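S.K.: Provided herewith is a single structure, encoded as structure tokens, for subsequent inquiry.
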Amino acid sequence: MKTELLRSLKSADGFVSGQELCRGLHVSRTAVWKGMEALKAAGYEIEAVPRKGYRLLSCPDEITREALLSEKTSKWILNDAICFEETDSTNEQAKHYAEKGAEEGTLFCADKQTGGKGRKGRGFISPPGVGIFMSLLLRPKVRIADASRITLVAALAVQEGIFLETGLSCRIKWPNDIVHEGKKLTGILTEMSLEEDRISYIVTGIGINVNNDTFSPEIRDIATSLLLETGKKTFRPRLIAKIMDRFENNYEVYLKTGDLSELKDHYNELLVNRDRQVRVLDETVPYDGTAVGINEKGELLVRTGKEVRRVSFGEVSVRGVYGYV
């Protein structure tokens with residue numbers, strides 16, 4: 001009920017009458033009044049004027065199920081949202097619910113994580129009230145070898161969603177970090193569960209520094225936030241909805257071919273590594289080269305002299321990004 005009321009209030013140009021709400025939602029006036037009181041108790045500022053109706057004045061920047069679903073513009077991604085005030089890791093929650101049969105497109109969010117996960121087992125700092133920590137459950141019918149490309153699909157969606165909501169033209173550091181002016185805004189971690197020789201489910205975790213106004217000394221030189229880069233606070237539920245909308249579009253394009261052939265040109269336009277000197281921290285012998293872009297498999301193409309090498313794993317350091325010079 002709260003979700004439907006919020007969606008009606010947000011879509012209204014000014015006041016919406018109680019009668020319109022009753023008719024549109026097929027509920028009684030009492031139900032509308034109770035729903036409005038519940039929204040007010042949750043922090044929504046709603047003006048009620050006799051013979052005019054209700055008008056939404058402001059929304060709390062809280063990530064709740066009704067807030068997310070009332071902002072939703074995607075068709076089936078974000079078909080449901082499970083939100084936690086605090087949890088260990090949204091990826092772990094998504095995997096738990098996936099094992100219990102949760103539907104593809106379900107989004108798991110937390111205001112705070114106590115055990116946020118990054119790449120290679122690193123922790124992901126997850127303070128309350130300022131960031132986005134979310135994990136999307138997917139059940140793609142693709143080959144196991146093709147599944148890792150979903151991480152790049154997610155990176156593209158995050159960049160596009162941030163641009164649509166804030167106007168900030170951030171870039172992608174291969175394969176999946178979102179950066180601006182050499183500092184990191186976002187981390188993405190994709191995990192997969194297999195059942196015999198097929199994919200049971202995939203969980204794509206996304207962490208975004210949104211309204212952080214400061215960082216600890218050990219990371220302030222490599223991390224930034226949307227607030228620090230734009231000078232404005234970002235309404236987190238709307239940003240999440242826009243990222244999910246873009247993810248749905250890109251994911252459906254990816255599913256048609258199982259690769260990035262129809263997405264790689266746009267990805268390469270946003271690739272901060274492109275035409276720059278990189279150091280590939282190969283498991284055997286690290287080497288330097290010039291990043292050319294990605295191919296349809298999501299591999300980074302690195303030119304070393306007359307040879308172009310394909311990088312599909314390992315970590316790439318980039319001149320001018322993360323302090324590598």
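S.K.: Hand me the list of strands (runs of 3 or more DSSP E) wholly inside the range 156-252 holding 2 or more residues that are more than 16 Å from the chain's Cα centre (by Cα) and outside the structural domain of Leu138 (by TED's automatic domain parsing). Working first, answer last.
M.R.: Details: elements: 171-173, 177-180, 183-195, 198-208.
Because the criterion is at least 2 residues that are more than 16 Å from the chain's Cα centre (by Cα) and outside the structural domain of Leu138 (by TED's automatic domain parsing), no strands (runs of 3 or more DSSP E) in the range 156-252 meet it.
S.K.: What number of residues in the range 280-296 are in contact with a helix residue (DSSP H, G or I) (Cβ under 7 Å, 6 or more places away or on another chain) and touching a residue at least 60 places away in the same chain (Cβ under 8 Å)?
M.R.: Counting residues in the range 280-296 that are in contact with a helix residue (DSSP H, G or I) (Cβ under 7 Å, 6 or more places away or on another chain) and touching a residue at least 60 places away in the same chain (Cβ under 8 Å) gives 1.
S.K.: As an exercise: evaluate Val253 against (1) out of contact with any helix residue (DSSP H, G or I) (no Cβ under 7 Å at 6 or more places or on another chain); (2) at pLDDT below 95; (3) not aromatic (Phe, Trp, Tyr) and give the number of the one condition it does not meet.
M.R.: Going through the list (1) out of contact with any helix residue (DSSP H, G or I) (no Cβ under 7 Å at 6 or more places or on another chain); (2) at pLDDT below 95; (3) not aromatic (Phe, Trp, Tyr), Val253 breaks only (2).
S.K.: List every residue pair whose Cβ atoms sit under 6 Å apart, with the two residues 6 or more apart in sequence or on different chains, where the first one lies in the range 254-275 and is outside the structural domain of Ile294 (by TED's automatic domain parsing) and surrounded by fewer than 17 Cβ atoms within 10 Å (Cβ to Cβ) and the second, anywhere, is at pLDDT 95 or above and assigned to a helix (DSSP H, G or I).
M.R.: Short answer, once both residue conditions are applied: Glu262/Val253.
S.K.: Shifting gears a bit: If Tyr201 meets every condition in (1) of a type in the set (Ser, Thr, Tyr); (2) surrounded by 18 or more Cβ atoms within 10 Å (Cβ to Cβ); (3) farther than 18 Å from Ala145 by Cβ apart from one, which number is that one?
M.R.: Single failed check for Tyr201: (3).
S.K.: Out of all the residues in the range 70-84, is one or more over 18 Å from Arg236 (Cβ atoms), modelled with pLDDT of 95 or more and of a type in the set (A, V, I, L, M, F, W, C)?
M.R.: yes
S.K.: Please indicate, with yes or no, whether at least one residue in the range 79-88 is assigned by TED's automatic domain parsing to the domain that holds Lys233 and loosely packed, with under 14 Cβ neighbours inside 10 Å.
M.R.: yes
S.K.: Which numbered condition in (1) over 16 Å from the mean Cα position of the chain (by Cα); (2) at pLDDT 95 or above is the only one that Asp288 fails?
M.R.: The one condition Asp288 does not meet is (2).
S.K.: Kindly establish whether Thr106 is within 12 Å of Gly207 (Cβ to Cβ), in the same structural domain as Met192 (by TED's automatic domain parsing), of a type outside the set (D, E, K, R) and at pLDDT 85 or above.
M.R.: Working: within 12 Å of Gly207 (Cβ to Cβ): no; in the same structural domain as Met192 (by TED's automatic domain parsing): yes; of a type outside the set (D, E, K, R): yes; at pLDDT 85 or above: yes.
No; evaluated as a whole, the condition is false for this residue.
S.K.: When you scan the range 37-78, how many residues do you find that are loosely packed, with under 15 Cβ neighbours inside 10 Å and either among the hydrophobic types (A, V, I, L, M, F, W, C) or touching a strand residue (DSSP E or B) at 6+ places or on another chain (Cβ under 7 Å) (or both)?
M.R.: If we filter the range 37-78 for residues that are loosely packed, with under 15 Cβ neighbours inside 10 Å, which is where we start, we get 37-38, 40-41, 43, 45, 47-52, 57-58, 60, 73, 75-76.
So of that shortlist, the ones also either among the hydrophobic types (A, V, I, L, M, F, W, C) or touching a strand residue (DSSP E or B) at 6+ places or on another chain (Cβ under 7 Å) (or both) come out as 38, 40-41, 45, 47-49, 57-58, 76.
Residues meeting the conditions: 10.
The values are calculated or read from the model by the stated rules, or taken from the named source; none is laboratory data. Since the model is a prediction, treat every value here as computed from it, not as a measurement. So basically every Cβ, Gly included, is an ideal-geometry build from the backbone, and we count neighbours across all protein chains shown.
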